[in-house]
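Asker: Questions regarding the structure given below will be posed in turn.
The values are calculated or read from the model by the stated rules, or taken from the named source; none is laboratory data. This one's a predicted model, so the numbers in the text were calculated from it and none came from an experiment. Every residue, glycine among them, receives a Cβ derived from its backbone with ideal geometry; neighbour counts consider all protein chains shown. Heavy atoms of the whole protein, side chains included, go into the accessibility calculation; ligands, DNA and RNA do not. Shrake-Rupley method; radii C 1.70, N 1.55, O 1.52, S 1.80 Å.
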Amino acid sequence: MTVVPAQPMPAASGGGGSSGLYDVLELVLDRGLVIDAFVRVSLVGIEILKIDVRVVVASVDTYLRFAEACNRLDLESGPRKNPGLPDLVGEMTESGARGKAKGALSGAARTISDAFEQARSEAEEKKTSSRSGRRSGSSRSSSSGEEKE
Amino acid sequence: MSTYVYAITRASQELPDSLEGIGEPALPVRTVRSGRLLALVSDAPAELRPKRRDLLAHQRVIIRAGAGGPVLPLRFGGVSPDDETVAAVLEEHEGSYLERLETLEGKDEFNVKASHEEEAVLYKVLSEDAALRARHEANRAAGGGTHDDRLAFGEQVARAVAEQERADAQLIEAALTPCAAGLRRGPESDGWLANLSFLVERDRQEEFRAAVRALHEEHAHLRVQLTGPLPSYSFAEAG
């Protein structure tokens, strides 16, 4: 099932629900009441979620990839059996987040993508009850390194 | 000391005894009241950034406060110079906020994101477009065709897929809108052909979920991801 409940947030239920984390964060960052009299803290990433990077579709790479993929299709026997919903959820969240990072070339864009990447991988680490040392440091962005402490 | 604001709700709303806010260690959440409204606030941390912990804390306060009735969730990162300014805002907008809360009563937000199952959508556009299929077969017969052939073919396919995306976005909207009390379109991005938020009455949630499931079942090339119930972020402001 693709239904990702919002309520079981990590701290509320001790782990579940992280597959929807990216989608929830998008809403927290991008929607909700904005009050003019308040200062909005400048948040890297608010804008990036709005960028329409649909131009990516109109690229040579995509054309060639589609042509290639069509060649592999077997038009006689129909599309391969749909893998079905239950298996898709995790994978979709993955590729969705990666998709966002793909078209985003500016530094700011990277930063927020990385933050989401990291949020996700941290959530996953938590889920697999944290094999700590394995991917410490290096590729992490500075923005939440301190959260590990 | 500036004041971080999480949500606005009715002054009569029943709230949990204690709520932990953003910050490390977590700042205690308190209320600022004015007239028939209250705001859930905490002190603002010295430095505020969209860290995962704080985003989740923001979300959690809103969810827990919303257990007792409708709330207007603020977007993450709203900081008032002080409590007095918060009270002044509540006073100034009392009428419209109360009206909004009324609208949201008994409803939740559901976010729907859809994308294409690539192989299935390619199959669909090829099988529905004879000209495209003819070109495909010609290329195939020529051992894949030249680079330019493949490029031109791929471009046509991409155009057909983009067209299918638009059609599917409309299809999803048309299929789910009848089960919802409101719709807000989210920002477009390359990951999704549709990013829609629906306001759904609690007693119609099952009906809404069933409509989402039916979409996938009837259209094998669609991946539909449903997130919710969520606080009504997308409906906090009157459209």
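Rundown of residues vs (1) within 18 Å of the chain's Cα centre (by Cα); (2) buried (at least 18 other Cβ atoms within 10 Å of the Cβ), yes/no style:
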| site | (1), (2) |
| --- | --- |
| B:R150 | no, yes |
| B:A174 | yes, no |
| B:T177 | yes, no |
| B:G186 | yes, yes |
| B:L215 | no, yes |
| B:Q225 | yes, yes |
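Asker: So which residues in region B:185-205 are part of a strand (DSSP E or B) and under 13 Å from B:A169 (Cα atoms)? Before the answer, list the steps.
Answerer: Quick first cut of region B:185-205, residues part of a strand (DSSP E or B) only: B:185, B:194-201.
If the condition is that a residue be part of a strand (DSSP E or B) and under 13 Å from B:A169 (Cα atoms), then B:R185, B:A194, B:N195, B:L196, B:S197 are the ones that fit.
Asker: Here's another thing I want to ask about it. Have a look at B:A120, B:A141 and point out the one that is among the aliphatic types (A, V, I, L, M) and open to solvent by 20 Å² or more (accessible area, probe 1.4 Å). Spell out the reasoning first.
Answerer: On the way: B:A120 fails: open to solvent by 20 Å² or more (accessible area, probe 1.4 Å).
That would be B:A141, the only listed residue that is among the aliphatic types (A, V, I, L, M) and open to solvent by 20 Å² or more (accessible area, probe 1.4 Å).
Asker: Look through B:A238, B:A220, B:A214 and report the one residue that is more than 9 Å from chain A (Cβ to nearest Cβ) and assigned to a loop (DSSP other than H, G, I, E, B).
Answerer: On the way: B:A220 fails: more than 9 Å from chain A (Cβ to nearest Cβ); B:A214 fails: assigned to a loop (DSSP other than H, G, I, E, B).
Exactly one residue qualifies, and that residue is B:A238.
Asker: Criterion first (among the basic types (K, R), in contact with a helix residue (DSSP H, G or I) (Cβ under 8 Å, 6 or more places away or on another chain) and assigned to a helix (DSSP H, G or I)) does B:R159 satisfy it? Steps first, answer last, please.
Answerer: Numbers: among the basic types (K, R): yes; in contact with a helix residue (DSSP H, G or I) (Cβ under 8 Å, 6 or more places away or on another chain): no; assigned to a helix (DSSP H, G or I): yes.
In short, no.
Asker: Taking region B:72-116, which residues are open to solvent by less than 30 Å² (accessible area, probe 1.4 Å) and among the acidic types (D, E)?
Answerer: Passing the criteria: B:D108, B:E109.
Conditions (1) closer than 30 Å to B:V71 by Cα; (2) at the interface with chain A (Cβ under 7 Å from one of its Cβ atoms); (3) of a type in the set (F, W, Y), marked per residue:
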position	(1), (2), (3)
B:L122	no, yes, no
B:R150	no, yes, no
B:E165	no, no, no
B:A180	yes, no, no
B:D203	yes, no, no
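Asker: Collect the residues in region B:4-48 that are of a type outside the set (D, E, K, R), more than 18 Å from A:R40 (Cβ to Cβ) and not in a loop (DSSP other than H, G, I, E, B), keeping them in residue-number order.
Answerer: Hits for region B:4-48 are B:T9, B:P28, B:T31, B:V32, B:S34, B:L37, B:L38.
Asker: OK, next. Given the residues B:R100, B:R159, which is the only one that is closer than 30 Å to B:A214 by Cβ and either within 11 Å of chain A (Cβ to nearest Cβ) or in contact with a Lys or Arg (Cβ under 7 Å, 6 or more places away or on another chain) (or both)?
Answerer: Numbers: B:R100 fails: closer than 30 Å to B:A214 by Cβ.
Step by step, each of B:R100, B:R159 is checked, and only B:R159 is closer than 30 Å to B:A214 by Cβ and either within 11 Å of chain A (Cβ to nearest Cβ) or in contact with a Lys or Arg (Cβ under 7 Å, 6 or more places away or on another chain) (or both).
Asker: Please verify whether B:L126 is closer than 22 Å to B:N195 by Cα, at the interface with another protein chain (Cβ under 7 Å from one of its Cβ atoms) and part of a helix (DSSP H, G or I), treating the condition exactly as stated. Step through it out loud before you land on a result.
Answerer: Details: closer than 22 Å to B:N195 by Cα: no; at the interface with another protein chain (Cβ under 7 Å from one of its Cβ atoms): yes; part of a helix (DSSP H, G or I): yes.
Spelling it out, it is not the case that B:L126 is closer than 22 Å to B:N195 by Cα, at the interface with another protein chain (Cβ under 7 Å from one of its Cβ atoms) and part of a helix (DSSP H, G or I).
Asker: Shifting gears a bit: Restricting attention to region B:57-76, report how many residues are under 19 Å from B:A44 (Cβ atoms), touching a Pro at 6+ places or on another chain (Cβ under 7 Å) and hydrophobic (A, V, I, L, M, F, W, C).
Answerer: 2
Asker: Among B:E20, B:E47, B:E14, B:E84, which is modelled with pLDDT under 95 and in the same structural domain as B:R100 (by TED's automatic domain parsing)?
Answerer: Values: B:E20 fails: modelled with pLDDT under 95; B:E14 fails: modelled with pLDDT under 95; B:E84 fails: modelled with pLDDT under 95.
Step by step, each of B:E20, B:E47, B:E14, B:E84 is checked, and only B:E47 is modelled with pLDDT under 95 and in the same structural domain as B:R100 (by TED's automatic domain parsing).
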